[in-house]
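Each value in this text was obtained by applying a stated rule to the coordinates, not by laboratory testing. Keep in mind it's a predicted model, so treat the numbers as computed, not measured. Please note: Cβ atoms are built from the backbone with ideal geometry, for glycine as well, and neighbour counts cover all protein chains shown.
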Amino acid sequence: SETLLEDLDHVGPATAQKLIDAGFSTVEAIAVSSPAELATAADIGESTAAKIILAARKAADIGGFETGDVVMERRKLVGKLSTGCKEFNDIMGGGIDSQAITEVYGEFGSGKTQLGHQLAVNVQLPQEKGGLNGSVIMIDTENTFRPERIKQMVDGLSELYGEDYDYEEFLKHIHVARAYNSNHQILLVDAASELANQLKDSDKPVRLLIVDSLTAHFRAEYIGRGTLADRQQKLNKHLHDIQRFGDLNNAVVLVTNQVMSKPDAFFGDPTKPIGGHILGHTSTFRLYMRKSKGDKRIVKLVDAPNLPDAEAVISVTTAGLRD
Ligand code: ADP
Ligand code: MG
C-alpha cells in the first residue's frame, strides 16, 4: 500500500502539487531530502519542511540510524549484473552491484558506451542468466544510444544461449532520454524516479540507470565561465540524486566519464577523470577502460569498497562484450 504525499501531516493539495512538480513525487524521495532543499522546492518554510521530512521518514520507515542487521538485510538484496565477460565479472566480485554507482572512465572509443548498451540488454535477463529481470533508464547526453546496436547484442545473446530473443521486446524496456544541457540532465533524474515508481510493481521494475556521459555537459558548459567550485557543487548534488535512485530502486547505476588525451589546464591532470575528488568519493566502483590490440579492451578496477584493484581483458565484438 503506497502512502500518498497528501496523507503526510503538513502536506495539503497545493504543497503536494508543488512537491511533485519539483520532482519529489514519492514519500521516499521526501524522506531523504534536506529541509533547505524541500523548502525551496515547495515554497514553504524550513521548519515546515523539516516536519514534512519527519512525517515522510515515519511513513517510509526511513530512520536516521539503522542497526547492522538491517543493513545486512538490505545488502542481501544487492543484485549482481553480469557484464557478459567472466574475467570482468570476477574482478567485480561476480558482476556489477546494485545500490551503488559504478563509474567507468576512459578515452574516446575505449568502450564505455558499448558497456552501457550491453548492460542495458543483460539486465533484462533472468537472474540465472546474469540479469536482474529489470528495465533500463538511459540518460544520453551525447546522442550515442543506438537501437541497432541493441539488436546486434540481443542477436548475440540468442546465439549464445540457443534461444530466440526478440530485440523489439528488449528495446521496449529501455527508456532513453536525451539531455540537452547539465540542468536538463539533473532534472531527468527526477523524471527517472517518477518513471521507476510507475514501473515498481510491473514485471520489469527499473534495475539499471545509465548516465552516458555524466560529465560532458558540465565540462563543456563550465569552460571559461563559472568556477570549478560551482561545477563541482552541481555535479555533487547530481551524483547524490543518482545514488539515491540506486538505493531506492535497488538499481545498478553506471555513469561514464571521458578522460582527455590532450592536456587541459582548466581541468587539470589529463590522466585523471573529469570530476576530480567529489566524483572520486561518490562513485563506489571506478573502472578505467583502455584500448588494447584489435577489439580487446583492458578494464581496470581502480577503486572499490571491498575488492582488490585488478584488471580484466574483454573484447568488444559485433555480438557484444565477450571474454
Ligand atoms: P566510448 O568509450 O567513447 O563511449 P564506445 O563505447 O562508443 O566508446 O566504443 C566505440 C568502439 O566500440 C568502436 O570504436 C568499435 O571498436 C566498437 N564497436 C562499436 N560498435 C561495434 C559493432 N557494431 N561491432 C563491433 N565493434 C563495435
Ligand atoms: Mg561514449
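Give me the Debye-computed log₁₀ of I(q)/I(0) at q = 0.15, 0.21 Å⁻¹ for segment 122-245, equal point scatterers on Cα only, no solvent, two decimals. Log10 of I(q)/I(0), two decimals: -0.75, -1.18. For segment 136-152, backbone phi angles converted through the Karplus equation (6.51, -1.76, 1.60; θ = phi - 60°) give residue-by-residue couplings of 10, 10, 10, 9, 10, 9, 10, 6, 10, 6, 10, x, 4, 5, 4, 4, 4 Hz, Gly and Pro being listed as x.
Take the Cβ atoms of Ser292 and Glu159, set R0 to 30 Å, and the FRET efficiency comes out at 0.80. Scanning residues 5 or more positions from Ile101 or on other chains, those with amide H under 5 Å from its amide H are Thr284, Phe285, with H placed 1.01 Å from N in the peptide plane. Highest mobility in the GNM of the chain, judged by mean-square fluctuation with C-alpha springs under 10 Å and restricted to Glu169, Glu28, Glu194, is found for Glu169. Can you tell me which of Arg207, Arg290, Arg75 moves the most in a GNM of the chain? Springs connect C-alpha atoms under 10 Å apart. Between Arg207, Arg290, Arg75, it is Arg75 that shows the largest mean-square fluctuation. Across segment 5-60, Cα-Cα pairs farther apart than 13 Å form 48% of the total. Go ahead and run the numbers for FRET between Asp43 and Lys86, Cβ-Cβ distance against an R0 of 41 Å, rounding to 0.05. That pair, Asp43 with Lys86, gives E of 0.15.
Under 5 Å between amide hydrogens, built in the peptide plane, is the criterion, and for Thr141 it picks out Ala179, Asp212, Ser213 among residues at least 5 positions away or on other chains.
Two-decimal Rg/Rh of segment 1-156 from alpha-carbon positions, Kirkwood Rh?
Working: Rg = 20.1 Å, Rh = 18.7 Å.
Result for segment 1-156 is an Rg/Rh of 1.08.
Projecting the Cα positions of Met289, Asn249, Leu115 onto the charge dipole of segment 75-322 (unit charges on Cβ atoms of Lys, Arg, Asp and Glu, taken about the Cα centre) puts Met289 furthest along the positive direction.
Pick from Asn133, Asn183, Asn236: which is most flexible by mean-square fluctuation in a GNM of the chain where alpha carbon atoms under 10 Å apart are linked? Comparing Asn133, Asn183, Asn236 in a Gaussian network model of the chain, the most mobile one is Asn183.
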